[in-house]
Structures are given as C-alpha cells and as structure tokens.
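The values are calculated or read from the model by the stated rules, or taken from the named source; none is laboratory data. Keep in mind the model is a prediction, meaning the values are calculated, not measured. We place every Cβ from the backbone using ideal geometry, glycine too, and count neighbours over all the protein chains shown. Accessible surface areas use protein heavy atoms only, side chains included; no ligands, DNA or RNA. Shrake-Rupley method; radii C 1.70, N 1.55, O 1.52, S 1.80 Å.
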Number of protein chains: 2
Amino acid sequence: MESESTFSVTYQVQAHSKSEAQQIAEQICVEQTVEIPLQTLSENALQYVGTLKGLTNEKENNWHADIEYNKRLIGEDITQFINVLFGNSSLQPGIRVLNIEDTVLSELTHGPAFGIHGIRKLLNVRKRALSCTALKPVGLHTSELAERAYLFSSGGIDIIKDDHGLTNQESSPFRARIAACVRAVRKGEQNSGKRTLYFPNITTSPSIVFHRFDEAMELGADGVLISPQLAGLEIMYELAEKSRCPIMAHPAFSGSYTIHPTHGIAPELYYGKIWRSLGADAVIYPNTGGRFEISEQTCRAINDQLRAKLDNLNPSFPVPAGGIDRQNISKWISKYGNETILLIGGSLYLHPEGIKNAASEFQKILTDYEQ
Amino acid sequence: MESESTFSVTYQVQAHSKSEAQQIAEQICVEQTVEIPLQTLSENALQYVGTLKGLTNEKENNWHADIEYNKRLIGEDITQFINVLFGNSSLQPGIRVLNIEDTVLSELTHGPAFGIHGIRKLLNVRKRALSCTALKPVGLHTSELAERAYLFSSGGIDIIKDDHGLTNQESSPFRARIAACVRAVRKGEQNSGKRTLYFPNITTSPSIVFHRFDEAMELGADGVLISPQLAGLEIMYELAEKSRCPIMAHPAFSGSYTIHPTHGIAPELYYGKIWRSLGADAVIYPNTGGRFEISEQTCRAINDQLRAKLDNLNPSFPVPAGGIDRQNISKWISKYGNETILLIGGSLYLHPEGIKNAASEFQKILTDYEQ
C-alpha cells in the first residue's frame with residue numbers, strides 16, 4: 001500500500017509489559033476497522049486492517065502505539081473518521097488518542113473560516129490579546145440581559161458571548177434576545193468608540209440550529225456560540241463551511257473525552273487540532289487554576305495546537321476560561337501571549353463599580369500590555 | 001415553586017466528608033444552571049439555581065446528591081436538557097449522573113416508535129429471544145456482503161445489521177449495498193420460510209443522514225442502524241419521530257461517558273433511559289465477558305431500564321454484544337430472558353460449516369428455548 005493512502009494515529013495504551021501493550025495495540029488495529037477475526041478475512045478486506053508501525057514505552061505502564069489506517073476506511077466522511085479514531089475504543093479503559101497526522105485533517109476539512117486573523121480584522125485589533133465575557137445568567141429577562149450587554153459594550157469589551165445555557169427559555173426567547181442585545185451592543189459602541197462583537201448561543205436540536213444561525217445573522221449578530229458536543233461536531237462544521245461569521249466553540253458535555261489521563265482524547269488534540277479542523281474560530285476550554293482540574297502544561301498545549309501551522313488551515317483563538325479574574329489579567333497574558341481571548345465572567349459581574357467599569361479596566365490592561 | 005415545575009436528578013459525587021460532598025453538590029446546582037456567583041443574582045434568576053434536596057453516603061467517599069432543577073431551564077429543548085444534566089459537570093472529575101426522574105423524559109420525548117412490541121410484530125415472533133448478526137467486514141465488495149446477507153437470511157436469522165463501520169466506502173457504496181442486500185435478504189427468506197429484517201447503517205454527516213434514511217426506506221430496508229454519539233443524539237430522535245421503521249442504536253464513541261465508575265453517566269441511565277427516550281427501539285451495548293469491561297450486574301441494569309415501565313414510552317430491546325458465541329447462547333437467554341436480541345458476529349463467521357448453518361443453529365437454540 002502506498003503511504004499517501006494511509007493516515008497515522010498515535011494512541012496511549014496502559015499495559016504492564018511490551019507484549020501486553022502490543023496485544024492491545026493490535027486489538028485497536030482490528031476493533032477500529034474490520035472488527036472480525038482475522039482468519040475470516042479475504043485479501044481485499046485485509047488491506048483495511050490497521051497496521052501497528054511503532055510501539056514505545058513512555059513511562060511505567062504507559063505505551064505509545066503508532067497505528068496506520070487505510071484512508072479508504074473513511075472516504076470523505078468526517079463522522080466515519082471519528083469512528084475509526086475512537087468509536088469502539090471509547091468503550092475500553094486505558095486507551096487514549098494522543099495525535100493524528102495533520103494531512104488527514106487538512107484533506108477532510110477546511111478548518112475555521114475566519115480564525116485569528118479574521119476575528120482581529122472584524123475588531124480592527126492587530127496585536128493585543130482580546131477580552132471576552134459571558135452574558136448571563138439564565139432567568140434574566142431580555143431587557144435585563146440587553147442592559148448588561150449595553151454596559152459591557154459601553155466599557156469597550158471586545159466580545160460578548162451568550163452564556164451557553166441561554167437558549168430559548170420563556171424568560172428570554174431567542175429571537176427577542178438577539179434583537180435586543182444586538183441593538184444594545186451597537187448603542188454601547190457609541191460610548192466606547194470601538195467595536196464589540198456579540199455571539200449569541202445557537203446550540204439546540206439539529207432541525208432548529210440552522211434556522212437559529214440564519215436568524216442570528218439576519219438580526220445582525222457578529223458571530224455565534226455553539227457547544228459542538230451537544231449540538232453535533234459536524235453541525236458546527238457545516239455552519240463553518242458557510243463562512244458567514246466566526247464560530248466560538250464551548251466545551252459543554254465534552255469533558256468525558258478529555259479529563260481522564262489514561263482514557264479518551266488528549267485535550268490538545270481534541271480542542272486543538274480536531275475542533276479547529278471542524279471549523280471553530282475560537283475554542284473555549286477550562287483554564288488551569290479555576291474550578292476545573294487541568295494543568296498549565298495542558299492549557300499551553302491546547303493554545304499551541306490551535307495556533308500552530310496545520311497545512312493550509314487558519315489558526316484559531318484559544319479562549320481560556322475559569323481561574324481568570326480582573327486582578328490577574330496580566331499574569332495570564334504574560335503566560336499565554338497576545339494571540340489569546342481571555343474569557344472572564346463572574347469576576348466582572350462582581351466589580352464594585354459595575355460592569356461598565358469592569359469592562360473598561362479589562363480593556364486598559366490588555367492595551368497597556370501591548371505597548 | 002410548585003413541584004410540577006421541577007425535575008430531579010441524582011448525581012454520585014466523590015468526597016472525603018459530608019461537608020465536601022455538600023460543597024460539590026451545591027457547585028453542581030450553580031454550575032449546571034446560572035454559572036455565576038450567587039450574590040449577583042436577582043430574584044427571578046435565583047429561581048433557576050438547582051436545589052440540593054438530599055445527600056446520602058453510599059459507601060466510603062461515595063455520596064448520592066439529589067438535585068432539583070427548574071423545568072423553565074430547559075423549555076422543550078432536549079439539547080439543553082442534556083446540557084443541564086451534565087454539560088459543564090462533564091469537565092469535572094468525580095461526578096456521575098445516576099438517575100433522572102421519569103416524567104421529564106416522557107414530557108420531553110415520545111420514546112421509541114416501534115419498541116419491543118413493534119419489532120416482534122414485524123418478525124411475527126411473539127415470545128422467544130431474537131437473533132442478530134453484523135454484516136461485515138468493511139473492505140468487502142457489495143456482492144460479497146450481499147452473498148453473506150443471503151446466507152444469514154437463508155439460515156433464518158431474525159435481524160442482519162450492517163457493521164457500524166460500513167458507510168459509503170468505495171468498496172461498497174451505500175446505495176448499491178442497500179439495494180443488493182435487501183434483494184439478498186428477501187431471496188434468503190424464500191429458503192428459510194420466515195422473515196429476516198435488514199438494518200443498514202446510516203451514520204454519517206447531519207446534512208446527509210436524513211437522505212440516507214430516506215434512501216434506505218425507499219430501497220426496502222426494514223430498519224436502520226445508527227451510532228447516536230457519532231451522528232448526534234437528537235438526529236436519532238428526529239428520525240424516530242418519523243415512525244417509519246425501527247432504529248437500532250450502536251454505542252460507538254459513547255464509552256467515555258459510561259465506562260468510568262466515578263465519572264460520566266451510569267450506563268443503565270444512558271443506554272437504558274436516555275437512549276430509549278431518544279427513540280432507540282433496540283440498543284446495542286458491550287456485554288460482560290467479552291472484549292469490554294462491564295459487569296453482569298450493569299448489563300442486567302441496562303436490560304431492566306430498557307424494558308421497565310417509563311410512563312407511556314414503549315419499551316426497547318436490549319442488544320448485548322460481545323462475549324456471546326454460538327456455544328453459549330442458552331446461557332445468555334437464561335440470564336437475560338426472552339425480551340433480548342442476542343448479537344453474534346465473529347463466532348458465526350467462524351462456524352466450520354458456514355454462515356447459513358451457523359444462523360439456523362442459532363435460530364434452533366432460540367426456538368427450543370421458548371418451548
């Protein structure tokens with residue numbers, strides 16, 4: 001088989017010995033492909049079995065297995081690609097996907113339509129880190145949410161995204177909320193003298209999500225928020241393919257894949273390479289030091305994968321969230337660099353002088369840092 | 001707040017003391033709802049915060065927390081229901097959803113359109129357990145797969161489902177495969193003198209999956225196979241709402257939610273109550289004693305949840321897979337009972353006298369067991 005017709009995936013497997021690791025890796029080669037005893041296979045089916053190309057011991061009980069898959073297994077089907085990557089193996093403990101060859105992603109997908117450069121262009125901000133907050137909580141009425149959007153925008157914040165739990169509740173129905181918040185943000189811009197982008201949450205059922213997307217665009221939203229693990233990974237991708245606005249991805253319901261050190265998909269691969277390939281222009285992830293258990297090293301790895309060269313795909317903005325408050329903004333920019341969107345929620349709402357001042361202080365720190 | 005306007009969810013949390021457990025449970029009440037410091041909340045937003053109604057110590061470090069959520073959080077949105085259930089909490093270790101009050105599921109969904117009774121009616125089989133096999137492997141050409149379907153059908157097997165990795169590969173494109181396999185199954189029925197149902201795999205991108213479903217129906221398929229965690233949980237539900245044919249659900253890519261004893265969603269809740277509510281007429285799950293680590297107790301709990309009374313929703317067939325071979329069929333029926341579909345793959349393909357004989361032996365054991 002020619003090398004162009006395969007793609008390679010690195011798995012981490014837990015095993016007490018090389019022979020056990022090899023056995024597990026060889027099971028992956030079968031489980032993720034033909035899923036049948038090898039002795040029953042004909043010549044043409046045998047070509048579809050994964051091939052173990054390398055097996056190395058990383059640390060005690062922890063092995064890295066490089067497996068090569070035939071591209072004919074997936075055709076051009078992204079869903080089937082995810083299935084080959086981790087479909088049945090998700091049902092086994094001790095298997096974690098660590099990396100995927102870049103080319104299969106750039107052949108299967110177009111990546112983000114806007115990316116870092118596109119979002120910067122909409123804001124006309126060339127270099128500094130960007131500020132973001134969440135419009136919340138669920139339960140407020142439309143006018144109350146719009147008032148908050150107005151104050152954040154008046155303070156000059158770069159991006160206001162809906163809380164990912166705001167959908168179409170009676171307290172603030174989707175269409176009315178988007179219309180009111182777009183107006184409020186535009187009004188606030190006249191006070192700040194700069195652009196503020198508003199990204200409503202469109203996450204909902206597949207039969208409605210495309211309609212919500214169109215409504216958001218029609219009502220003048222500047223981008224959208226979606227939780228791809230709830231709405232569907234490929235629904236995000238199909239929206240990205242329309243190239244109409246930036247898409248910010250929220251990690252709700254995705255943690256089961258990423259938080260186990262010996263199972264799942266490495267967060268830098270999932271939130272970094274995979275969600276970027278599937279069209280996220282900005283990816284929210286749980287930051288270290290906050291309510292979520294994640295190391296700074298992993299956060300840096302996610303940042304790197306979102307920004308790194310990946311063939312011809314646009315880079316995406318990392319959006320660390322959690323553990324960042326208005327007192328430690330510079331610390332996080334100095335750690336993560338300017339190609340970052342800092343998402344701060346609670347701490348801005350708690351500012352003793354109100355939301356508008358919280359937003360303008362946030363902006364000042366980011367602008368000063370750039371100098 | 002009236003009790004009709006809330007629904008309750010039981011979480012298992014890991015904690016060293018009651019006060020720690022209480023703190024975690026109270027965090028869930030906030031994290032899954034308003035996600036903002038409570039001191040910033042107005043009166044109407046406060047009603048949306050979850051309420052901890054009970055906290056009991058089950059065994060060392062393992063607590064059960066009963067949380068009541070306001071139904072206004074979800075409206076009629078199933079996606080948002082999953083978000084409230086386990087959106088941000090999926091990003092935390094040590095939290096597992098154990099149970100959900102039945103009524104919220106029966107209010108939000110219609111459940112399976114066919115269920116156990118509907119599948120039995122299509123087959124005209126009143127009492128005995130049903131037989132099922134997987135048509136595979138990927139890599140075979142359409143004519144080879146159709147030949148296998150013909151032999152299984154000639155042996156009188158009840159259900160033939162596509163392998164979940166068969167999609168639209170060049171080796172056997174979707175439309176041609178379905179047409180050929182439907183013809184082959186109908187031809188085989190003339191040898192066996194009984195019905196065999198064929199369920200092709202329609203799992204693919206959201207923009208294509210509804211078309212594949214229609215094509216499968218048009219070409220005479222008797223049901224469909226879908227991997228809801230790959231295709232989208234609610235895409236399965238939207239297909240079920242059409243009530244056109246039974247849907248068999250495959251667990252690919254879902255294991256990360258269900259295999260961790262201290263994280264995720266209990267398998268009997270997820271595959272049992274939730275997938276049933278979302279329209280699966282039959283649910284494949286990894287059986288104990290096979291290639292997957294799962295206890296017999298958990299398998300029995302999944303069976304129970306699929307079959308139990310759940311308000312007005314139809315019961316669904318459990319489909320244990322893995323660990324079942326042609327030598328131990330009666331053992332599994334005696335364990336799981338007749339309201340079960342036994343899925344056997346590899347062991348039938350390995351039968352020394354071929355697929356047709358393997359299928360007719362399988363049928364004979366199920367029929368004899370009924371007597």
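In this structure, does A:Leu343 turn out to be at pLDDT 95 or above and within 14 Å of another protein chain (Cβ to nearest Cβ)? Give the derivation first.
Details: at pLDDT 95 or above: yes; within 14 Å of another protein chain (Cβ to nearest Cβ): yes.
Judged against the criteria, A:Leu343 is a match.
If the requirement is being within 14 Å of another protein chain (Cβ to nearest Cβ) and either surrounded by 19 or more Cβ atoms within 10 Å (Cβ to Cβ) or touching a helix residue (DSSP H, G or I) at 6+ places or on another chain (Cβ under 9 Å) (or both), which of these qualifies: B:Ala308, B:Ala301, B:Ala321, B:Ala282?
Selected residue: B:Ala321, the only one of B:Ala308, B:Ala301, B:Ala321, B:Ala282 that is within 14 Å of another protein chain (Cβ to nearest Cβ) and either surrounded by 19 or more Cβ atoms within 10 Å (Cβ to Cβ) or touching a helix residue (DSSP H, G or I) at 6+ places or on another chain (Cβ under 9 Å) (or both).
Is at least one residue of segment A:328-340 in contact (Cβ under 8 Å) with a residue 60 or more places away in the chain and open to solvent by 60 Å² or more (accessible area, probe 1.4 Å)?
Checking segment A:328-340: at least one residue is in contact (Cβ under 8 Å) with a residue 60 or more places away in the chain and open to solvent by 60 Å² or more (accessible area, probe 1.4 Å).
Residues in segment A:127-150: is at least one open to solvent by 10 Å² or more (accessible area, probe 1.4 Å), in contact with a Phe, Trp or Tyr (Cβ under 9 Å, 6 or more places away or on another chain), at negative phi and hydrophobic (A, V, I, L, M, F, W, C)?
no
Limited to segment B:75-97, what total is found for residues that are at pLDDT 95 or above, more than 7 Å from chain A (Cβ to nearest Cβ) and outside any helix (DSSP H, G or I)?
Residues in segment B:75-97 being at pLDDT 95 or above, more than 7 Å from chain A (Cβ to nearest Cβ) and outside any helix (DSSP H, G or I): 4 in total.
Across segment B:39-69, which residue is nearest to the other protein chains (Cβ to nearest Cβ) among those that are charged (D, E, K, R) and touching a strand residue (DSSP E or B) at 6+ places or on another chain (Cβ under 7 Å)?
Within segment B:39-69, the first condition is being charged (D, E, K, R), and the residues that meet it are B:43, B:53, B:58-60, B:66, B:68.
Adding the requirement that they be touching a strand residue (DSSP E or B) at 6+ places or on another chain (Cβ under 7 Å) leaves B:53, B:58, B:66, B:68.
Working: B:Lys53: 19, B:Glu58: 21, B:Asp66: 21, B:Glu68: 15 Å.
Step by step, filter segment B:39-69, then rank; the result is B:Glu68.
For B:Arg72, state whether it is within 14 Å of chain A (Cβ to nearest Cβ), open to solvent by 40 Å² or more (accessible area, probe 1.4 Å), farther than 30 Å from B:Ser347 by Cβ and modelled with pLDDT of 95 or more.
Working: within 14 Å of chain A (Cβ to nearest Cβ): yes; open to solvent by 40 Å² or more (accessible area, probe 1.4 Å): yes; farther than 30 Å from B:Ser347 by Cβ: yes; modelled with pLDDT of 95 or more: yes.
Spelling it out, B:Arg72 is indeed within 14 Å of chain A (Cβ to nearest Cβ), open to solvent by 40 Å² or more (accessible area, probe 1.4 Å), farther than 30 Å from B:Ser347 by Cβ and modelled with pLDDT of 95 or more.
Answer yes or no: is there a residue in segment B:151-164 that is away from chain A (no Cβ under 14 Å), farther than 19 Å from B:Val319 by Cα and outside any helix (DSSP H, G or I).
yes
Can you pull out every residue in segment B:39-69 that is buried (at least 19 other Cβ atoms within 10 Å of the Cβ), part of a loop (DSSP other than H, G, I, E, B) and without any contact (Cβ under 8 Å) to a residue 12 or more places away in the chain?
B:Leu41
Taking segment A:111-144, which residues are closer than 20 Å to A:Cys245 by Cβ, of a type outside the set (Gly, Ala, Ser) and within 14 Å of another protein chain (Cβ to nearest Cβ)?
Within segment A:111-144, A:Thr133, A:Leu135 meet the criteria.
When the residues of segment A:189-202 are narrowed to those that are buried (at least 24 other Cβ atoms within 10 Å of the Cβ) and over 18 Å from A:Ala252 (Cα atoms), which ends up nearest to the other protein chains (Cβ to nearest Cβ)?
In this case the residue turns out to be A:Tyr198.
Can you say whether A:Ser42 is over 23 Å from B:Ala231 (Cβ atoms) and under 26 Å from the mean Cα position of the chain (by Cα), as far as the supplied structure shows?
Working: over 23 Å from B:Ala231 (Cβ atoms): yes; under 26 Å from the mean Cα position of the chain (by Cα): no.
So A:Ser42 fails the test.
Looking at segment A:14-38, which of the residues that are within 14 Å of chain B (Cβ to nearest Cβ) and not in a helix (DSSP H, G or I) is farthest from the chain's Cα centre (by Cα)?
A:Pro37
Tally the residues that are away from chain B (no Cβ under 14 Å) and either crowded, with 19+ Cβ neighbours inside 10 Å or more than 26 Å from A:Leu269 (Cβ to Cβ) (or both), restricting the search to segment A:203-252.
16
Name the residue that is nearest to A:Leu310 (Cα to Cα), counting only residues in segment A:225-283 that are in a helix (DSSP H, G or I) and among the hydroxyl-bearing types (Ser, Thr, Tyr). Working first, answer last.
So in segment A:225-283, the residues in a helix (DSSP H, G or I) come out as A:228-231, A:233-240, A:255-258, A:267-277.
Restricting the remaining residues to those that are among the hydroxyl-bearing types (Ser, Thr, Tyr) gives A:237, A:256-258, A:270-271, A:277.
Numbers: A:Tyr237: 17, A:Ser256: 26, A:Tyr257: 22, A:Thr258: 21, A:Tyr270: 14, A:Tyr271: 14, A:Ser277: 9 Å.
Among residues in segment A:225-283 that are in a helix (DSSP H, G or I) and among the hydroxyl-bearing types (Ser, Thr, Tyr), the one nearest to A:Leu310 (Cα to Cα) is A:Ser277.
Search segment A:16-38 for residues being among the aliphatic types (A, V, I, L, M) and modelled with pLDDT of 95 or more, and hand back the single one that is surrounded by the most Cβ atoms within 10 Å (Cβ to Cβ).
Residues of segment A:16-38 that are among the aliphatic types (A, V, I, L, M), as a first pass: A:21, A:24-25, A:28, A:30, A:34, A:36, A:38.
Of the ones still in play, those that are also modelled with pLDDT of 95 or more are A:21, A:24-25, A:28, A:30, A:34.
On the way: A:Ala21: 22, A:Ile24: 21, A:Ala25: 23, A:Ile28: 22, A:Val30: 18, A:Val34: 25.
Out of the qualifying residues, it is A:Val34.
Conditions: (1) away from chain B (no Cβ under 11 Å); (2) farther than 22 Å from A:Gly118 by Cα; (3) in a loop (DSSP other than H, G, I, E, B). A:Ser171 meets all but one. Number of the miss?
Evaluating A:Ser171 over (1) away from chain B (no Cβ under 11 Å); (2) farther than 22 Å from A:Gly118 by Cα; (3) in a loop (DSSP other than H, G, I, E, B) leaves (1) as the failure.
Read through the list (1) more than 30 Å from A:Asp102 (Cα to Cα); (2) within 14 Å of another protein chain (Cβ to nearest Cβ); (3) in contact with a strand residue (DSSP E or B) (Cβ under 9 Å, 6 or more places away or on another chain); (4) open to solvent by 20 Å² or more (accessible area, probe 1.4 Å), then give the number of the only condition that A:Arg177 fails.
(4)
When residues of segment A:307-362 are filtered for being among the polar types (S, T, N, Q) and under 20 Å from the mean Cα position of the chain (by Cα), how many remain? Talk me through it step by step, then tell me what you get.
In the first step, residues of segment A:307-362 are kept if they are among the polar types (S, T, N, Q); the result is A:312, A:314, A:316, A:327-328, A:330, A:334, A:338, A:340, A:347, A:357, A:360.
Subsequent filtering for residues that are under 20 Å from the mean Cα position of the chain (by Cα) retains A:312, A:314, A:316, A:338, A:340.
Residues flagged as among the polar types (S, T, N, Q) and under 20 Å from the mean Cα position of the chain (by Cα) within segment A:307-362 amount to 5.
Quick one: would you say B:Ser277 is in contact (Cβ under 8 Å) with a residue 12 or more places away in the chain, more than 28 Å from B:Ala184 (Cβ to Cβ) and more than 11 Å from chain A (Cβ to nearest Cβ)?
Working: in contact (Cβ under 8 Å) with a residue 12 or more places away in the chain: yes; more than 28 Å from B:Ala184 (Cβ to Cβ): yes; more than 11 Å from chain A (Cβ to nearest Cβ): yes.
For B:Ser277, the condition - in contact (Cβ under 8 Å) with a residue 12 or more places away in the chain, more than 28 Å from B:Ala184 (Cβ to Cβ) and more than 11 Å from chain A (Cβ to nearest Cβ) - is met.
Determine whether A:Ile100 is at the interface with chain B (Cβ under 9 Å from one of its Cβ atoms), under 20 Å from the mean Cα position of the chain (by Cα) and closer than 24 Å to A:Phe317 by Cα.
Numbers: at the interface with chain B (Cβ under 9 Å from one of its Cβ atoms): no; under 20 Å from the mean Cα position of the chain (by Cα): yes; closer than 24 Å to A:Phe317 by Cα: yes.
Taking the combined requirement at face value, the residue does not satisfy it.
Only one of these conditions is not met by B:Ala149: (1) out of contact with any helix residue (DSSP H, G or I) (no Cβ under 6 Å at 6 or more places or on another chain); (2) of a type in the set (A, V, I, L, M, F, W, C); (3) in contact (Cβ under 8 Å) with a residue 40 or more places away in the chain; (4) under 19 Å from A:Ile36 (Cα atoms). Which number is it?
So the condition that B:Ala149 fails would be (1).
Inspect segment B:351-358 for any residue being closer than 30 Å to B:Gln190 by Cβ, away from chain A (no Cβ under 12 Å) and in contact (Cβ under 8 Å) with a residue 24 or more places away in the chain and give the result as yes or no.
yes
What number goes with the only condition from (1) part of a loop (DSSP other than H, G, I, E, B); (2) farther than 27 Å from B:Asn88 by Cβ that B:Asp304 does not pass?
Unmet condition: (1).
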